[in-house]
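Q: Before I ask anything, let me first share the structure, which is written out below as structure tokens.
The values are calculated or read from the model by the stated rules, or taken from the named source; none is laboratory data. Everything numeric here is computed off the predicted structure, so don't read it as measured data. Here the Cβ positions follow ideal geometry from the backbone for every residue, glycine too, while neighbour counts run over all protein chains shown. Side chains included, ligands, DNA and RNA excluded: accessible areas come from the protein's heavy atoms. Shrake-Rupley method; radii C 1.70, N 1.55, O 1.52, S 1.80 Å.
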There are 4 protein chains.
Amino acid sequence: MWFTSDNAAPAHPSVLEALTQANAGYSASYGADPIMEDVTARIREIFEAPDAAVYLVATGTAANALALACLCPPWATVYCHRNAHVEEDECAAPEFYTGGAKLTLLDGPDAKIDPASFEAALGFTARAGVHNVQKGALSITNITEAGTLYSLSEMKALTDLAHEHNCPTHLDGARFTNALVALGCTPAELTWKAGIDAVSFGGTKNGLMGVEAIILFDPARAWELELRRKRGAHLFSKHRYLSAQMQAYLKDDLWLRLARQANDRAAQLSRGLMQTPNARLLHPTDGNGVFAGFPREAHKAAQEAGAKYYFWPFNQSLDGPGDEILSARLMCSWSTTAEEVDEFVSLVKSAS
Amino acid sequence: MWFTSDNAAPAHPSVLEALTQANAGYSASYGADPIMEDVTARIREIFEAPDAAVYLVATGTAANALALACLCPPWATVYCHRNAHVEEDECAAPEFYTGGAKLTLLDGPDAKIDPASFEAALGFTARAGVHNVQKGALSITNITEAGTLYSLSEMKALTDLAHEHNCPTHLDGARFTNALVALGCTPAELTWKAGIDAVSFGGTKNGLMGVEAIILFDPARAWELELRRKRGAHLFSKHRYLSAQMQAYLKDDLWLRLARQANDRAAQLSRGLMQTPNARLLHPTDGNGVFAGFPREAHKAAQEAGAKYYFWPFNQSLDGPGDEILSARLMCSWSTTAEEVDEFVSLVKSAS
Amino acid sequence: MWFTSDNAAPAHPSVLEALTQANAGYSASYGADPIMEDVTARIREIFEAPDAAVYLVATGTAANALALACLCPPWATVYCHRNAHVEEDECAAPEFYTGGAKLTLLDGPDAKIDPASFEAALGFTARAGVHNVQKGALSITNITEAGTLYSLSEMKALTDLAHEHNCPTHLDGARFTNALVALGCTPAELTWKAGIDAVSFGGTKNGLMGVEAIILFDPARAWELELRRKRGAHLFSKHRYLSAQMQAYLKDDLWLRLARQANDRAAQLSRGLMQTPNARLLHPTDGNGVFAGFPREAHKAAQEAGAKYYFWPFNQSLDGPGDEILSARLMCSWSTTAEEVDEFVSLVKSAS
Amino acid sequence: MWFTSDNAAPAHPSVLEALTQANAGYSASYGADPIMEDVTARIREIFEAPDAAVYLVATGTAANALALACLCPPWATVYCHRNAHVEEDECAAPEFYTGGAKLTLLDGPDAKIDPASFEAALGFTARAGVHNVQKGALSITNITEAGTLYSLSEMKALTDLAHEHNCPTHLDGARFTNALVALGCTPAELTWKAGIDAVSFGGTKNGLMGVEAIILFDPARAWELELRRKRGAHLFSKHRYLSAQMQAYLKDDLWLRLARQANDRAAQLSRGLMQTPNARLLHPTDGNGVFAGFPREAHKAAQEAGAKYYFWPFNQSLDGPGDEILSARLMCSWSTTAEEVDEFVSLVKSAS
């Protein structure tokens, strides 16, 4: 019953097998390994983007920060939701990698950017010319930090606005595949067909040890990205171990299967909790995260039984009257079992 | 016969086994995994440094750049040899992480800093007060980029000079263990007892997939380093896979055995080549790298037989009279076999 | 009738006389001029701060950004009002000079920080440790961008909160003297006695050509500030021309007289407009700026007669029904005359 | 007898008169003043560059650092002589403004870049692709820090090399006019006709209080420069006082007359010293600086009589045998008089 984060889960066994296979003998370093050639070809195929530039890094923050640095100059601003990972959880890595750009925080329910909020911000930015930061890039997170989903048309509405103002667009896809299977669309539809210029295509939260791909649909800044990656110390010498993970991920639909499993467990958990008296959802359960409130007494019971998760927001306390509703973030992963979910739901139910 | 770099070698099988073991079940993320606790304790023990702060990152450039950023403010300079990795091979990562510090390039044979060159530079730095950059940190590489070794007293002479000028000291130990076994000293003797304040303790070039430890003997800036690591996007969510590699590395003297193997192969290669007519060493073979010149005809023969390595310097050409001496960098690793070395030597001998 | 900004006003004639005097013969450069010695002594005396470090720069943005860079590391955040000059009008200079720190935008009426908003932000910052930016510095603007005044106790409430959280404090005093004469307090009371650690003490908007002093009450980071100033290219070689302006400013209470004149004209303008039917104040007129709404027809009349000022907010239009209320920012300076004000008020009155 | 630097000299009286004239009444701020329009037109005319972008800043370091930031990305290197001002005297301002670019230090006698040194550096840069910093910009200083002059063909040889490698070129013209009158050429010949893309066109060292123009012959990056200037806090609100200085400078050939005076005094000083037994020139006297050695006893006599100047190099001492030769940098300015020079020469002669 470990729901703290999808990054607390192990890697899928296929990934470790792939590493073992990749480990045989010598290999060219720094991304010149033959596995990476295959990965690039495969990603271009999957995304129907034959010219896309594809790079691997080991953390989601690196993928986001490097991509944004290629899209937004230091004197401009990145538009993002105020609850976006790039704002809340990266200790100003985007500011570091862009060389001091701003983040303009947008509003909207369920951690989704309200187009009106974006439009207002665009209208305000650079109103006084050189005195203000300029319009930079739009960064959308899908699935969001609240576990919710932008529809393709919702994404398109935002990217259209961005492009009208010459702002390139970035998709933080730390949970890209969870969104993909939830929407039932193609990777191309979820990205460039929806107006996305650059993607952080996550693998770590969905069964890899630590690999994310940066995909630039317009390769014009590919060389710049390579230099930024090296200079940021994110170019791996023994790169084949990143390549091998990504290769395994994309093989035989592993990525899709793992994301489906995680989403299914979240749906099960969400349904289960909603049958509980006094439980309520903070946000729709669109992907692999459940954001739900239930009585303090039920929290105590679950935590005593070993369940691990975070309060959401963080500043709630187990002390106080047992029937007060406290809220939790419960993340499911590919390795979450139906039994774990059932056990958790039972504990909550019986103590509510 | 793959001598391009020690990072072209595979990881040691024990490392992959360790990953598989670490992969069981859930684990706390971002460095809070129990394996990391053990790694920290073990490194403190090995280095006889009970208060040292210990952090893992996945690239040597990250280790160097983050350590230097904690030692050198943006308006100061890092003293290093002009052939140091931080100067020549990191695409200005130290400049990026320090926020724009300079690197002052020092001279000395065999890629070792001549104390006179360092002293002259110290005397020149900040001569005009606020108009110049200030004295920052000293960065020593041992084993050097030319495969040579500083003795402990040579290191001490440099670190004493640095400390007289209030400059903290950094050891780029990408090949730390190769130096350690070559010197036959203790880790403490090679670091803090030799006046080193911060170490990049490398594992990647000696049998790991990609892990380096940053060790700060004075923990005063530990929190700053944690923030810089996160902000630089080098804090891994699934950190246990870094921890597990380092744990395996330090277990049962694996690190020492692997480094000895690599050094032995280099010694064998060096001896073999020196029996060749017209061959000569560019630098002493102190560790796992051989820097040697031999006739062009012998290069052709070796390369045709599949040998891989770099010219040193890079700008030499296979075209021209066959008896002209061209120079090569030949790196051995833990996985280099005695047979490979023999084969290479034979090829060179018979074509010289 | 030029009310666009107090920086559209000329310098006071005494300032030019001082420049002419300072121009005689040779002088030591880079701040070693004897006039600067006098300026430092005088500012220490005026601020009752015998140990304060005092530096001159030529723009308010430089004063703010350099001071904040000394107070806030790159991985922390500057708390400021969302309408602060450092946020809205400096094209991310604070982000540039701090090396990529964030600005956390606080709310509150009349461009004054609501302590509750600051407290909430402090409670939220760094809630997840290394994943978030850390608590940095507080920056208060007095007189604010809305022409309003913090009382000394309002300032103290904010600086106390800051210091409880180990956040150093900065006063953007671009209009310091306007605040000073409005409050009728001493410079010490408006700064360190109110909990301020560093001040941008403005002169440019109050009769100088272009000089601002940075005052650090704790000189511990004085040398760092000197290096940052030089590195930011804000150390003047012919520094005496900055010193001479500041010397003239502080002589015979010129600074106080000029600020009083400007405040008096604003009060006159505010009173005059408020006698106009349909006019209303957006913010109290505490200093030298009047923020007022009056009918579109009156705007047309004033602008046709040559009056210059900005709409506030900027995105209003002269097109539309004449009796609609549009809002303006009307800045008075030392050189604004009672006649100009009367003429403007008449124009508005007769067209309202 | 004040020969420390041309920045110890006063401003020319015409400059102060111009300030007084410019001070009348209100004026648009931030560079929108009508005087600036005239300055831009005049500079375009003088440089025969109708499309050039022209900006004013107040320090030479700002001009250099901002120009270089537009020419060299953070992952590239600026080629300059190892004695260039951008390397030795700006406390890493170029590194700060470029966001962490390197400076590659070139050799050559008399502080002039030897083309062979530049060519070698170009051949070495980026030899290993992404691992190295890339080829950035060339920065030439004319008149150099050693008071020497590049001929137009010497400049062209360097800029041709640069452009063959796609490196844009910068001229540090802190003493532009001294070079211009020494060469007897046109501003166009000294800049774009000699292959220069961007110029720091200095005024401060030649009679202004503190103004330098940045001229970009290709206006493609003009807006970027404006944003960098603002973000660097170098956009003056009361900009007219910069404009007025530059306008006065260019009026009635003032700039040319002042530079000729300074050069003439240096020539007189150089000739005079060379008639002294035991005196010798370190570098040719091409402009307004004399770099000369003469006996210690003569230094003592001059300094006792009140002469001010720097030793060159700095680390020489007045203690020791009187006939030992010590070297000095003696800078003349527009305000140096023939009498001062005669007096200095006499003192040296009689004590040598």
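Q: How about region D:326-352: which of its residues are open to solvent by 50 Å² or more (accessible area, probe 1.4 Å) and more than 27 Å from the chain's Cα centre (by Cα)?
A: D:Glu343, D:Ser346, D:Lys349, D:Ser350, listed by residue number.
Q: Where in region C:156-237 are there helices (runs of 4 or more DSSP H), lying wholly inside it, with at least 1 residues that are in contact with a His (Cβ under 7 Å, 6 or more places away or on another chain)?
A: Ranges flagged: C:222-231.
Q: Looking at (1) open to solvent by less than 10 Å² (accessible area, probe 1.4 Å); (2) farther than 30 Å from A:Thr98 by Cα; (3) assigned to a helix (DSSP H, G or I), which is the one condition that is false for B:Tyr150?
A: With (1) open to solvent by less than 10 Å² (accessible area, probe 1.4 Å); (2) farther than 30 Å from A:Thr98 by Cα; (3) assigned to a helix (DSSP H, G or I) applied to B:Tyr150, the lone miss is (3).
Q: So, one more: Among the residues of region B:264-287, is there at least one that is open to solvent by less than 10 Å² (accessible area, probe 1.4 Å) and touching a Cys at 6+ places or on another chain (Cβ under 8 Å)?
A: Scanning region B:264-287 turns up at least one residue that is open to solvent by less than 10 Å² (accessible area, probe 1.4 Å) and touching a Cys at 6+ places or on another chain (Cβ under 8 Å).
Q: Assuming B:Thr177 fulfils every condition listed in (1) in contact (Cβ under 8 Å) with a residue 40 or more places away in the chain; (2) open to solvent by 50 Å² or more (accessible area, probe 1.4 Å) apart from one, which condition is it?
A: With respect to (1) in contact (Cβ under 8 Å) with a residue 40 or more places away in the chain; (2) open to solvent by 50 Å² or more (accessible area, probe 1.4 Å), B:Thr177 is out only on (2).
Q: How many residues does region D:174-206 contain that are more than 13 Å from the chain's Cα centre (by Cα) and of a type outside the set (Phe, Trp, Tyr)?
A: The qualifying residues number 17.
Q: OK, next. Quickly run through region A:205-255 and pick out the residues that are at the interface with another protein chain (Cβ under 10 Å from one of its Cβ atoms), among the hydroxyl-bearing types (Ser, Thr, Tyr) and buried (at least 24 other Cβ atoms within 10 Å of the Cβ).
A: Scanning region A:205-255 gives a single hit, A:Tyr241.
Q: Suppose we filter D:Ala58, D:Ala65 for residues that are closer than 30 Å to A:Tyr97 by Cβ and surrounded by 24 or more Cβ atoms within 10 Å (Cβ to Cβ); which single one remains?
A: D:Ala65
Q: Taking only region B:83-103 into account, find how many residues are open to solvent by 20 Å² or more (accessible area, probe 1.4 Å) and more than 10 Å from chain D (Cβ to nearest Cβ).
A: So the answer is 1.
Q: Yes or no: A:Ser14 within 30 Å of A:Leu330 (Cβ to Cβ), touching a residue at least 40 places away in the same chain (Cβ under 8 Å), touching a helix residue (DSSP H, G or I) at 6+ places or on another chain (Cβ under 6 Å) and open to solvent by 10 Å² or more (accessible area, probe 1.4 Å)?
A: Yes; evaluated as a whole, the condition is true for this residue.
Q: Here's something else I'd like to know. If I filter region C:28-54 down to residues being within 11 Å of another protein chain (Cβ to nearest Cβ) and not small (Gly, Ala, Ser), which single residue comes out as least open to solvent (accessible area, probe 1.4 Å)?
A: C:Asp33
Q: Could you list, in sequence order, the residues of region B:135-147 that are within 14 Å of chain C (Cβ to nearest Cβ) and surrounded by fewer than 24 Cβ atoms within 10 Å (Cβ to Cβ)?
A: Matches in region B:135-147: B:Lys135 only.
Q: A further question on this structure: Checking the structure you have, find out if any residue of region C:254-274 is without any contact (Cβ under 8 Å) to a residue 60 or more places away in the chain, assigned to a strand (DSSP E or B), of a type in the set (Ser, Thr, Tyr) and under 30 Å from C:Gly184 (Cα atoms).
A: Looking through region C:254-274, none of the residues is without any contact (Cβ under 8 Å) to a residue 60 or more places away in the chain, assigned to a strand (DSSP E or B), of a type in the set (Ser, Thr, Tyr) and under 30 Å from C:Gly184 (Cα atoms).
Q: If A:Lys156 meets every condition in (1) surrounded by fewer than 24 Cβ atoms within 10 Å (Cβ to Cβ); (2) within 16 Å of the chain's Cα centre (by Cα) apart from one, which number is that one?
A: (2)
Q: Restricting attention to region B:62-81, which residues are more than 14 Å from chain A (Cβ to nearest Cβ) and more than 15 Å from the chain's Cα centre (by Cα)? Working first, answer last.
A: Taking region B:62-81 first, the residues more than 14 Å from chain A (Cβ to nearest Cβ) are B:70-73, B:75-81.
B:Cys70, B:Leu71, B:Cys72, B:Pro73, B:Trp75, B:Ala76, B:Thr77, B:Val78, B:Tyr79 - these are the residues of region B:62-81 that are more than 14 Å from chain A (Cβ to nearest Cβ) and more than 15 Å from the chain's Cα centre (by Cα).
Q: Scan region A:298-308 and give yes if some residue there is away from chain B (no Cβ under 14 Å), out of contact with any helix residue (DSSP H, G or I) (no Cβ under 7 Å at 6 or more places or on another chain) and of a type in the set (Asp, Glu), otherwise no.
A: Yes, there is a match, as at least one residue in region A:298-308 is away from chain B (no Cβ under 14 Å), out of contact with any helix residue (DSSP H, G or I) (no Cβ under 7 Å at 6 or more places or on another chain) and of a type in the set (Asp, Glu).
Q: Output the residues belonging to region A:93-112 that are closer than 19 Å to A:Lys156 by Cα and not in a loop (DSSP other than H, G, I, E, B).
A: A:Leu106, A:Pro109, A:Asp110, A:Ala111 - these are the residues of region A:93-112 that are closer than 19 Å to A:Lys156 by Cα and not in a loop (DSSP other than H, G, I, E, B).
Q: Whether any residue in region B:291-302 is assigned to a loop (DSSP other than H, G, I, E, B), farther than 16 Å from B:Trp2 by Cα and open to solvent by 30 Å² or more (accessible area, probe 1.4 Å) is what I want to check.
A: Within region B:291-302, not a single residue is assigned to a loop (DSSP other than H, G, I, E, B), farther than 16 Å from B:Trp2 by Cα and open to solvent by 30 Å² or more (accessible area, probe 1.4 Å).
Q: Next up: Here's a check for you: in region B:303-325, which residue that is at pLDDT 95 or above and open to solvent by less than 30 Å² (accessible area, probe 1.4 Å) is nearest to B:Ala146 (Cα to Cα)?
A: B:Tyr309
Q: Determine if region A:113-129 includes at least one residue that is more than 14 Å from chain B (Cβ to nearest Cβ), part of a loop (DSSP other than H, G, I, E, B) and crowded, with 23+ Cβ neighbours inside 10 Å.
A: Within region A:113-129 (the criterion being more than 14 Å from chain B (Cβ to nearest Cβ), part of a loop (DSSP other than H, G, I, E, B) and crowded, with 23+ Cβ neighbours inside 10 Å), the answer is yes, since at least one residue qualifies.
Q: Restricting to region C:7-16, give me the number of residues that are at the interface with chain D (Cβ under 9 Å from one of its Cβ atoms) and assigned to a helix (DSSP H, G or I).
A: Number of matching residues: 5.
Q: Just one of the numbered conditions (1) touching a residue at least 60 places away in the same chain (Cβ under 8 Å); (2) crowded, with 21+ Cβ neighbours inside 10 Å; (3) of a type outside the set (Asp, Glu) is not true of D:Ala194; which one?
A: Result: D:Ala194 passes all but (1).
Q: In addition: Can you pull out the residues in region C:31-60 that are assigned to a loop (DSSP other than H, G, I, E, B) and farther than 20 Å from C:Phe236 by Cα?
A: Correct list: C:Phe47, C:Glu48, C:Ala49, C:Pro50, C:Asp51, C:Ala52.
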